[in-house]
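One structure is given below, encoded as structure tokens.
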Amino acid sequence: MTKAMSSTLTASQPADAADTAPDAASARPTARKSRSGAGEIGVRGSLPDAMAQQTGTQTLLRGLAILEAAAAGVRDLRSFGAVLGTTRSTTHRLVSSLVQARYLRQVQGGYLLGPKLIELGTIALEQMPLTAVAHAHLVTLADETLDTIHLGVRDGDDVLYIDKIPGQRGLEMRSRVGHRMPLASTGIGKAMMLDLAPQSWRDLFDASRRTLAGVNFRPDHSPDHETFLRRMANYAAGGYTFDLEENEMSIRCVAAPVRDASGAIVAALSVASTIPYMPLERMDELIPVVQREARAISMELGWRAPQPATRRIRR
């Protein structure tokens, strides 16, 4: 949260009675004379400052909670109040402050996230070195393949898309920058799972199934546990992953991990298209192409490929 937002929230009208500082009599500093005759402020004098700090922190956290609720689809004051557990007057005051600061915008039927968040989100992406380093390599991959290119990072059990270059074949996919999907149901997500233990593969596969429980895939290409684990073992050995219509009907992709200077997987990229442009033969051909650009990004992030051990020759 920016300084502008914090000042807007904390500078607004007083909070609920439950949030206010003690009455003036109990909060008033106690002065006493020292032996030197100078006035001293007693310990109780710090109470108003502490209470003000707590109130400001609570207001800030409530403002953040409203933004998260709006991002999740909450639209009206009553629903915001239910999320926060605040009265209608306090909810209205907080929401109005966010509208004034452009973090929310009022539309017919409620409230939506505002343009200030778009500005901050754009700046946040620009300040993320990964996107700046990777974009030129994504463009190279897009020009070479004509397919849709994704760059994503792990966010909990999900992949968060942080860059996308649409394909040149006139196809449209539901993915977008800022979109999240379960790790284990996407090629780009599975690429970020390659270094994990088999038990983690199983856990993330189960998490993916729970998230997609209400989604009907026709036909359903989701593998069972054993097939998924067997595929992941093969992927880990080869340093790549496939999405075989496990996330979106008729969409396939080839993905590879991006590593940082420590060798840890910090992101992944993928090439995606529809089945007519992604037969299994072409997917196999794309593996070294995708890996090449993933390695190039990794090297710019400080990663160095392991050097083969040299054998000592006896003399």
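Annotations for the structure displayed:
- Using the average count of surrounding beta-carbon atoms within 10 Å as a protection proxy, the listed peptides 80-88, 293-301, 140-148 rank, highest first, as 293-301, 140-148, 80-88.
- Residues 201, 303 in ascending order of nearby Cβ atoms (within 10 Å, fewest first): 303, 201.
- Residues listed by number, the stretch 239-267, amide nitrogen under 11 Å from residue 171 label point at 7 Å toward C-beta: 245, 249-254
- Gain upon complete extension [residue 234, residue 180; 0.36 nm per residue less C-alpha separation]: 16.9 nm
- Local net charge near residue 109, Cβ-Cβ under 11 Å (Lys/Arg +1, Asp/Glu -1): 0
- By the count of neighbouring beta-carbon atoms within 10 Å, fewest first, 116, 164, 190 end up ordered 116, 164, 190.
- With neighbours defined as other Cβ atoms within 10 Å of a residue's Cβ, the residues 76, 157 order from fewest to most as 76, 157.
- Applying 0.36 nm per residue to the separation of residue 206 and residue 160 and subtracting their alpha-carbon distance, the gain on full extension is 14.7 nm.
Quick note: the coordinates plus some simple rules give every number you see, no bench work behind them. Keep in mind it's a predicted model, so treat the numbers as computed, not measured. Heads up, the Cβs are rebuilt from the backbone with ideal geometry, glycines too, and the neighbour counts pull from every protein chain shown.
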